[in-house]
Amino acid sequence: MKKALVGLGGMALIGAVVALILVFVGVHSSGSTGRTVTQQDGASSSEPAVNASQPADWPGGTREGIAVHGHWTVEVRSADGELVSRNEFENALTTIGIRFLTNLVARQASTGTWGILIHSSTAPPCVYSSAPSDCVITEPSAGGMSGWPAALFNNLTLSPASWDGAAASFVLQGNAIAGADGNIDHVESLSCFATSAGIAPLSCNNSVAFTTKDLTTPVAVATGQQILVTVTITFG
C-alpha cells in the first residue's frame, strides 16, 4: 500500500525508557465525551490504560515492563474552523517500530524527522499530481520524507519529551487540507531514521510505520475541510 517514514527529535529521554523491556502495547481510550466525539475502539472514555505487568507501586518498586500508548485525536473542521467531527482512538506499535526502538537504543540507527500518514483504501482525501492521494504531514524540514509520493503538509510539530515520574511522552501535531471528497480509514505515525549511527537527522534514509491504526468507521472528509491531528505517544 505504501512505504513508511519518520524521524525522532527529542528522544533521549525515551531512549532511556525503552532501554527496559518493551512488553506490551496498551490500547485504551481516555478521551472526550462530547456529542461529536467518536470512540473508534468502542472503549469507555473513563477506562484507564493498563499494563498487567506493571506493579501498582512503581516507581518505588521493580518495573517489569513498559506499555506503549498511542492516543490519537482527529478533528475535521470546515474552512472557517467550525467543528464537523472529532474522533479519538488508540493505535498499535508495529513490529518494525519495536525494531526501530531496539536499533536506536543499541546505537545501530540514528533518528530523523517525524510524520503522520492519513490514508484511505477507497477515496483518498488529498491530491498529488492531479490524482487522489494520501496526505502526509511532516515537520518543516521533512528530511527523508520529502520524496513521499503524496500530498505533503510541512507543519508537523514535535513536542519536547516530558516525564511525570511514572511515564514519558511526546506529542505530534499537525494538519492537512482535503483536496477531494473522501474518507480516512487508516493512519500511521511515521519515523524516518538512518540505518547506521551518527547520521544527521535530515539525512535519514529509511522510513517506518511506528504506530498504525485501521479505523472501524471511516472518517468522512469534504474538499477544502481541515484535518487536524494530534498524536500523544506515551511510554510507561
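What follows draws every value from the coordinates through simple rules; no lab data is involved. Computed from a predicted model, the values in this text were never measured in an experiment. Please note: Cβ atoms are built from the backbone with ideal geometry, for glycine as well, and neighbour counts cover all protein chains shown.
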Extension gain from Ala167 to Arg77, taking 0.36 nm per residue of separation minus the Cα-Cα distance: 29.2 nm
For Ser133, residues with placed amide H under 5 Å, excluding near neighbours: Cys126, Val127, Tyr128
Label-point separation (nm) for Ala92 and Thr216, each offset 7 Å from Cα along Cα-to-Cβ? 1.4 nm
Testing the spin-label approximation: label points 7 Å from Cα along Cα→Cβ at Thr102 and Ala197. State their distance in nm. 1.7 nm
Estimated vicinal HN-Hα couplings, Hz - the range 186-198 in sequence order (Karplus 6.51, -1.76, 1.60; Gly, Pro = x): 7, 9, 9, 8, 10, 10, 9, 9, 8, 7, 8, 6, x
Between Leu215 and residues 5 or more places away or on another chain, the pairs with built amide H atoms under 5 Å apart involve His186, Val187
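Apply the Kirkwood formula to the range 71-235: the hydrodynamic radius equals the inverse of the mean of 1/r over all pairs of different alpha-carbon atoms; give it in Å with one decimal.
Numbers: mean 1/r = 0.0617 Å⁻¹.
Here the Kirkwood hydrodynamic radius works out to 16.2 Å.
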What list of ³J(HN,Hα) couplings, whole Hz, do you get for the range 228-234 from phi and the Karplus terms 6.51, -1.76, 1.60, once you set θ to phi - 60° and write x for glycine and proline? 9, 10, 10, 10, 10, 10, 10
Could you give each residue of the range 88-102 its phi-based ³J(HN,Hα) in whole Hz, using Karplus coefficients 6.51, -1.76, 1.60 with θ = phi - 60°, and x for Gly or Pro? 10, 7, 9, 10, 10, 5, 7, 4, 6, x, 5, 4, 4, 5, 4
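Using the per-residue mean of other Cβ atoms lying within 10 Å as a proxy for protection, in what order, highest first, do the peptides 180-193, 157-170 fall?
On the way: 180-193: 23.6, 157-170: 14.6.
Sorting 180-193, 157-170 by mean packing, highest first, produces 180-193, 157-170.
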